[in-house]
Amino acid sequence: MKTEKQMAMAAAEFAERWKGRGYERGESQPFWIDLLTNVFGIETPSVCFIRFEQKRVHINKILCFFRSK
């Protein structure tokens, strides 16, 4: 588990790394995985925490869906 100070430092590095990146749809999955892994310290977010491109009734598409515990 990261401390608040470690997360703040990781968030600043993350923001710098992603500054000016272009194509939102094409970068959404790497963006979220990078954020969850490197800023929040979630080791395997795509396995246990997040799903991408989920279809839902009455909604065309959800780009990123976080499961609750």
Report summary line: Computed over the range 6-49, protein heavy atoms only, probe 1.4 angstrom, the accessible area per residue in square angstrom equals 69
Query raised in the report: Working out 0.36 nm times the residue gap between THR44 and LYS5, then minus their Cα-Cα distance, what length gain in nm do you get to one decimal?
Result: 11.9 nm
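The values are calculated or read from the model by the stated rules, or taken from the named source; none is laboratory data. The structure presented is a predicted model; accordingly, all values stated were derived computationally and were not measured. For accessibility, only protein heavy atoms count, side chains too; no ligands or nucleic acids. Shrake-Rupley method; radii C 1.70, N 1.55, O 1.52, S 1.80 Å.
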